[in-house]
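Reviewing the structure listed below.
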Amino acid sequence: MRVRKAVFPVAGLGTRLLPATKVLAKEMLPIIDKPLIQFAVDEAIAAGCDTLVFVTNRYKHAIADYFDRSYELEYTLAEAGKHQLLDVIHNILPAHVRCVFVTQREPLGLGHAVLCAQPAIGNEPFAVLLPDDLLLSRTQPVLSQMVDAAQRLAPAALVAVEQVPREQVSRYGIVDVEVTDERAARMRRVVEKPSVEDAPSDLAIVGRYLFDPQIFGLLEKTAAGVGGEIQLTDAIAALIDRAPVLAYRFDGHRHDCGNRAGVVQATLDLALQSEDTRQVLATFFATRSDELGD
Ligand code: G1P
C-alpha cells in the first residue's frame with residue numbers, strides 16, 4: 001500500500017465550539033499559533049502524501065486561502081528582511097504537495113464526504129484524516145505508523161483505534177477485534193455510536209483511516225445510518241465481510257479538538273513541549289494553583 005493521497009473532511013459546522021466557529025472554520029482554530037488543519041496536513045505529508053483532498057463547503061474558503069500563496073505578505077516580509085517568518089509561511093505547504101478542493105453540497109455525513117473525494121482519488125489507496133483529532137506521538141507521526149503497518153500487513157483498510165472510557169462509547173465508532181494485545185488486530189465487527197449496553201468493546205475509532213479504493217463501491221451502497229447520515233463506519237462494516245480490515249492501536253495520544261476540553265488539553269500539551277511557553281505554564285500554575293481547587 002503506497003499512499004499518496006489524503007482526504008480531509010472539513011465540511012462540518014463545528015457547533016461545539018460556537019461562537020468561535022460562527023464565521024471561522026473549526027479547522028482554522030489555532031492551537032497556540034498553528035491552525036488545527038496544519039497538524040493533520042503535516043502528518044499526511046510526513047507519511048508520504050503529496051495530494052491533499054479537502055472536502056469542504058461554501059463557508060470554508062479560509063482553508064483554501066490558508067494553503068494558497070500570499071504574495072503581498074511574502075513580499076512585505078522579504079522587504080523587511082524577516083526571513084524566519086518567511087520560512088514559516090513557506091513551510092505551510094512544501095512545493096511538491098498539491099491541494100484539491102471538493103465541495104460537499106449537503107451535510108450527509110462522513111461517509112458521504114469521503115465519497116465526494118472519489119473523483120480526486122481515483123483507483124488508488126488513500127488516507128482519511130479528521131483534523132479534530134489531534135494525534136501526538138513521541139516516536140513517529142501516527143499516519144506514518146499506520147502506513148508502515150499497512151505495508152507489512154496489506155489489509156483492505158486500517159483504522160486507528162484507542163481505548164475510551166466506557167461511558168463515552170456512544171460518541172464513537174466502536175470495534176470488536178480478534179486479538180486484543182497486538183497493535184494491529186483483525187476487526188470482527190464495528191458499530192457507529194452504540195449505546196453503552198450494545199457496545200462490543202471500549203475500543204474507539206479515532207480520526208485516521210487507510211483504505212484501498214474498494215471502500216467507494218461500498219459507500220455508494222451505504223444507506224443513511226445513525227443520525228440520518230451516511231456513515232463511514234457502516235461501509236467499513238460491509239468491507240469486513242469481504243476483505244481483511246485491521247484496527248491499529250497507535251503509539252501516541254489524542255486530543256479531541258472538536259470540543260473545549262480537548263482544545264485546552266492540546267494547548268497545554270503543546271505549550272509544555274516548547275521552551276518559550278513551558279516557562280509561562282510553570283509560572284502560571286505556580287502563582288495560580290490555589291484557583292484549581294481539589
Ligand atoms: C466520526 C466517526 C466515528 C469516529 C469519530 C472519531 O464521528 O463517525 O466513527 O469514532 O469520528 O473522532 P464524529 O466525531 O464525526 O461524530
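The values are calculated or read from the model by the stated rules, or taken from the named source; none is laboratory data. Being a predicted model, the structure only gives us computed values, none of them experimental. Note that we place each Cβ from the backbone using ideal geometry, even for glycine, and neighbour counts take in every protein chain shown. These area figures cover heavy atoms from the full protein model, side chains too; ligands, DNA and RNA do not enter into them. Shrake-Rupley method; radii C 1.70, N 1.55, O 1.52, S 1.80 Å.
Express in Å², to the nearest 10, the accessible area of residue 39 obtained by rolling a 1.4 Å probe over the protein heavy atoms while all chains stay in place.
30
With +1 assigned to the C-beta of every Lys and Arg and -1 to the C-beta of every Asp and Glu, and no other charges, what is the dipole magnitude of the stretch 150-294 about the Cα centre in debye, to the nearest 20?
My answer is approximately 400 debye.
Over the chain, with the other protein chains present, what is the accessible area per residue in square angstrom, probe 1.4 angstrom? Could you put the intermediate results ahead of the total?
On the way: 15060 Å² over 294 residues.
On a per-residue basis, 51 Å².
Residue by residue through the stretch 110-121, what is 3J(HN,Hα) from phi via Karplus (6.51 cos²θ - 1.76 cosθ + 1.60, θ = phi - 60°)? Round to whole Hz and write x for glycine and proline.
Karplus-based 3J(HN,Hα) across the stretch 110-121 equals 5, x, 5, 4, 5, 5, 4, 7, 3, x, 7, 8 Hz.
Which value in nm describes the separation of the simple spin-label points at residue 273 and residue 166, placed 7 Å from the Cα toward the beta carbon?
For the pair residue 273/residue 166, the computed spacing is 3.3 nm.
To the nearest 10 square angstrom, how much accessible area does residue 66 have with a 1.4 angstrom probe?
Here the accessible area works out near 50 Å².
How would you order 183-194, 6-17 from highest to lowest mean count of nearby Cβ atoms within 10 Å?
6-17, 183-194
How much length, in nm to one decimal, is gained on full extension between residue 76 and residue 123, taken as 0.36 nm per residue of separation minus their Cα-Cα distance?
Gain in length upon complete extension: 12.6 nm.
Between residue 259 and residue 84, how high is the FRET efficiency from 1/(1 + (r/R0)^6) when r is the Cβ-Cβ distance and R₀ = 41 Å? Nearest 0.05.
Values: r = 33 Å, r/R0 = 0.82.
My answer for the efficiency is 0.75.
Explain nothing, just the number: dipole magnitude of the chain about its Cα centre with +1 on each Lys and Arg Cβ and -1 on each Asp and Glu Cβ, in debye rounded to the nearest 20. It would help to have the intermediate numbers written out before the result.
Values: 30 positive and 39 negative charges, 117 e Å.
Around 560 debye, computed over the chain.
Run the 1.4 Å probe and let me know the accessible area of residue 75, rounded to the nearest 10 Å².
Answer for residue 75: close to 140 Å² accessible.
Quick one: net charge around residue 95, please, counting Lys, Arg +1 and Asp, Glu -1 for every other residue with C-beta under 12 Å from its C-beta.
Charge balance near residue 95 sits at +1.
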